[in-house]
Amino acid sequence: MPKVFTLNNGNKTLENVGSGIGNYFTKSNRFYSSPANSTALTTASLVANTLYAMPFITELDIKIDSVKAVVTTLGAASQLKAGIYTDLNLYPNTLLSDFGSQSGATTGVKTFINGLPLDIPKGLYWFVILTTVALTVRGFAATGLIPVLGYDSNLGTIQGLGYSILNPSGNIPANFPASAAIRTAVPLPLLAVRPF
C-alpha cells in the first residue's frame, strides 16, 4: 500500500509512486511512463506489425486506471494496440495485461480501457505498443531516456533503451517473442499510465 502524506493545507496528498526514480508525485490527473531525464518529447514513426517494448519501473505497488498514447500522424485504417509485460532478466516476459486497441486513423490522444484498473506490484515492467499500419506517435528522444539496458560488451557509446521485434500476427502475444533487437535510437514510443 502506498504511503500517503497529507500536506499542511489538508487539501492535497502525495503518494510515493512513480516510474523510474521513485520520487513523490502529486496525486492528481498525472501520467507516468518510461524513466526519462528530459522533458522534451519527439515523435516515433512506427513500423507496421512491430512490437516496441519500453521499460516502466515502479518502486512501490500501484494501481493504474488509465493508459494513453498520442497519434501525431495518422495511418489510414490502422489500429494502435498496447499492453504491459512482466520482466525476466531485463527482457519482456509474459503479458500482464492487454490494454486493447484504438484507431490510429485519426490524430490525438488515444485512451486504452481494457484490463483496467490494474494492480502492478513494484518492479520492472515493459510497456508494449504496436500498430497494424505505419503511423507516427509521440515518443522519446534517444538522449531523453535512462538506459536501463546498459552498454554493449565493447563499452561503446550507444546505450540500450528498449526492444523491438517484427510480429506478423499484428497482435499482442501472451509471451513476448524471443530475440528482439535492443533499441538504441528512435522510434521510442511513449505509453503512459495514471496511478490512483
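The values are calculated or read from the model by the stated rules, or taken from the named source; none is laboratory data. Just so it is clear, the model here is predicted, and its values are computed rather than measured. Cβ coordinates were reconstructed from backbone atoms using ideal geometry, including for glycine residues, and neighbour counts include every protein chain displayed. The area values use the complete protein model at the heavy-atom level, side chains included, leaving out ligands, DNA and RNA. Shrake-Rupley method; radii C 1.70, N 1.55, O 1.52, S 1.80 Å.
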* Those residues that are open to solvent by 40 Å² or more (accessible area, probe 1.4 Å), in contact (Cβ under 8 Å) with a residue 12 or more places away in the chain and either part of a strand (DSSP E or B) or among the small types (G, A, S) (or both), I need them from the stretch 148-182; list them, please. => Q159, L166, S169, A174, N175, S179, A181, I182
* Those residues of the stretch 73-90 which are modelled with pLDDT of 95 or more, open to solvent by less than 60 Å² (accessible area, probe 1.4 Å) and not hydroxyl-bearing (S, T, Y), in sequence order -> L80, K81, A82, G83, I84, D87
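Please go through the stretch 55-69 and give me each residue that is among the charged types (D, E, K, R) and either part of a strand (DSSP E or B) or open to solvent by less than 50 Å² (accessible area, probe 1.4 Å) (or both), ordered by number. Break it down into steps so the answer makes sense when it comes.
Here is the first cut: in the stretch 55-69, the ones among the charged types (D, E, K, R) are 59, 61, 63, 65, 68.
Answer for the stretch 55-69, where residues must be among the charged types (D, E, K, R) and either part of a strand (DSSP E or B) or open to solvent by less than 50 Å² (accessible area, probe 1.4 Å) (or both): K63, D65, K68.
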* Asked: Just checking, how many residues over the stretch 91-112 are free of Cβ contacts under 8 Å to residues at least 40 places away in the same chain and either open to solvent by 50 Å² or more (accessible area, probe 1.4 Å) or among the polar types (S, T, N, Q) (or both)?
  -> 7
* What's the number of the condition F140 fails, among (1) under 24 Å from T72 (Cα atoms); (2) open to solvent by 30 Å² or more (accessible area, probe 1.4 Å); (3) of a type in the set (F, W, Y)? -> (2)
